[in-house]
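Worksheet: the structure to be examined is printed underneath.
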Amino acid sequence: MAITKDTVRYVANLARVELSEKELEHFTGQLDRILEYVHKLKGLEVKELAPTSHVLDIKNVYRDDIIKESLPASEVIKNSPDREGDLFKVKNIIEA
Amino acid sequence: MELNKLTAHGLKHLLDKGDISNIDICNDVLEAIEKKDKALNAIVHFDKEKAIEKSKASKGLPIFIKDNICVKDELTTCSSKILSGFRPPYNATVIEKLLKKDFVLMGKTNMDEFAFGSSTESSCYGPTKNPWDLERIPGGSSGGSAACVAADEAIFALGSDTGGSIRQPAALCGVVGLKPTYGRVSRYGLIAFASSLDQIGTLTKDVEDAALLLKTISGHDAMDSTSVPVSTPDYSLKIKDSIKGLRIGVPQEYFGQGLDSDVKDSVLKAIDKIGQLGAKCEKVSLPHTEYAVAVYYIVATAEASSNLARFDGVQYGLRAKDVKSIEEMYKKTRALGFGDEAKRRIILGTFALSSGYYDAYYLRALRVRTLIKKDFDEAFAKFDAILTPTSPTPAFKIGEKTQDPLTMYLSDIFTISANLAGIPGVSIPCGFTKENLPVGLQILGKPFDEETILKVAYNYEQATEWHKKRPDL
């Protein structure tokens, strides 16, 4: 097995996705097959190779530090499912 | 006159002569949508009255936009429940460029949820159908854009391509699909899937339209730090030059097991034709091709898991109700809002990046990506372009591959490498199978050399009639 049900449960929690028992079962089988397929990469000698995270030959990209107008807060917040004034509203983050 | 059936350059000519107005075009497009889109489901956000209003206020051509590109104050949902109701407060850079040139934004096209798929079946709005056979998928993830162009519901459309999402549906619907070089077109306002792979591109009825539209959307943008400051050529001028003497590589790894025999026949005939037109076609090897799908599904899902962390119910879209804590809200919102394929990819990507697995999966995949890129560097030292099939099979049946994600992933086998290497690619119609399904030829080029692949595409297109064939709907 490339991945177990416990690992899928653990990773889903890291990703903040709630899974039903049925989904857990279903995804574990599918992910196991996908990872078995990915294991073909193990056959290659790659230690000496630099990783390519990005194909462009650029490192840092700077722009001029000019003050420009930003979107008004009311515009930025207008899609929020819950808000108070110009603030996003959510459940308590810190226990009282 | 059914103006919806014409190309953009054809319509421009008529507009310039004063024979027609852009309202005439809009009306014919609207009529086609009313007639066909109930069956196709290619267009997901569309307001007829608004479209008429907009075309009255402008002089330009109507265009459709994939649902993952932000249009100010218009629904932009990535065909996902988690973004239901989202109206961006700003335009993507490509949209600003289109508006500057008077294009009329007609509406948004269907796609696989967050562009995760090769069939447009993972959309929360239901699948788009292939206009050549309504029981089949149009390809994906830009299936809505490809299908509406193929069915003449649109003159042209924008899509995005992370692993073939423009080229594969273009091939399966019989239209021209162009993925530009990584860095050619600004991605500011494209809702990110995999940031080292995503690129915006075009779906058009012919190569000249692809050249026109590419010129319109290209160029450096300070809002996207991966957009490259290079000049934008006038593609339409150079594509008509002869391809005599051009050196073209045909990679043997793309013609082996799993390739449909009708697809193979059509593509080999197309390569012969391109040889007859004066190019020198020779065998080449891209030895690490067989590793591309494995590398891609680690790299792309890792990046996706990070990019999709922003969908947490706080700032936009769906939020789960009746929850006791913020953490429960995150988890329930994401459980309700994401479809199966999105969950699968988020979990796979989080796994590949998690402590204990990072080196074995993510880092290893990035190192193999170096080998895939090197294959292309070496091939392009000898060749000006590379020819391959776009997809190993023609359009498959709806539901055929949804139960088996790995089989679905393997349908991207010929398009993925171009994204991993960042090179441009175009798919053009090159024939039909015995079941009358379109086949696509893929032309790959050097970074920032879209001119050469469009030139090969244009020369082939002018010598054949495939691009003129349209489905009976």
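Every read-out reported here was derived from the displayed coordinates using simple, explicitly stated rules and does not represent laboratory data. On a predicted model such as this, the values are computed, not experimentally measured, just so you know. Note that each Cβ is placed from the backbone with ideal geometry, even for glycine, and that neighbours are counted across all protein chains shown.
List of remarks:
- Length-normalised contact order for chain A - Cα pairs under 8 Å, 6+ apart - percent: 18 percent
- For the residues of B:406-416, the average number of beta carbons from a partner chain within 10 Å of their own beta carbon is 1.
- Residues B:Ser236, A:Ser74, B:Ser427, B:Ser218 arranged by fewest to most Cβ contacts within 10 Å: A:Ser74, B:Ser236, B:Ser218, B:Ser427
- Close amide H contacts of A:Arg83 (hydrogens built in the peptide plane, cut-off under 5 Å, sequence separation of 5 or more or a different chain): A:Lys89.
- For the stretch B:365-473, the dipole from Cβ point charges (+1 on Lys and Arg, -1 on Asp and Glu) about the Cα centre works out to 140 debye, to the nearest 20.
- The C-alpha radius of gyration of chain B, expressed as a fraction of 2.2 N^0.38 Å, stands at 0.92.
- Cα-Cα pairs of chain A separated by more than 18 Å (percent): 75 percent
- Fewest-first sequence of B:Cys70, B:Cys173, B:Cys281 by Cβ atoms within 10 Å of each Cβ: B:Cys281, B:Cys70, B:Cys173
- For the protein assembly as shown, the calculated P(r), taken from all Cα-Cα distances in 10 Å bins from zero up to the bin holding the longest distance, is 4, 18, 29, 28, 15, 5, 1, 0 percent.
- Over the Cα atoms of the stretch B:346-473, the radius of gyration divided by the Kirkwood radius equals 1.05; this is the Rg/Rh ratio.
- Average beta carbon contacts from partner chains per residue of B:346-356, 10 Å cutoff: 6
- For B:Asp221, B:Asp241, the sequence from fewest to most other C-beta atoms within 10 Å is B:Asp241, B:Asp221.
- Packing-based order for B:123-132, B:188-197, using average beta carbon neighbours within 10 Å, highest first: B:123-132, B:188-197
- Estimated distance in nm for a label pair at B:Lys238 and A:Ile66, the labels positioned 7 Å out from Cα along Cα-to-Cβ: 3.0 nm
- Net charge contributed by nearby residues that have their C-beta within less than 11 Å of B:Thr433 (K/R +1, D/E -1): -3
- On the beta carbon distance between B:Lys469 and B:Asp359, with R0 = 45 Å, the FRET formula returns roughly 0.35.
- Shielding by partners for peptide B:358-370, expressed as the average number of C-beta atoms from other protein chains within 10 Å of each residue's C-beta, is 5.
- Descending semi-axes in Å of the stretch B:242-327, equivalent ellipsoid built from Cα gyration tensor: 48, 16, 14
- Beta bridge orientation in the protein assembly as shown: antiparallel %, DSSP, nearest 5: 70 percent
- Principal axis dimensions, largest first and in whole angstrom, of the stretch B:212-270 by Cα: 46, 30, 20
- Cβ-derived FRET efficiency at R0 22 Å, B:Glu328 paired with A:Asp82, nearest 0.05: 0.90
- Straightening the chain between B:Lys48 and B:Asp102 buys 17.6 nm, computed as 0.36 nm per residue apart minus the Cα-Cα spacing.
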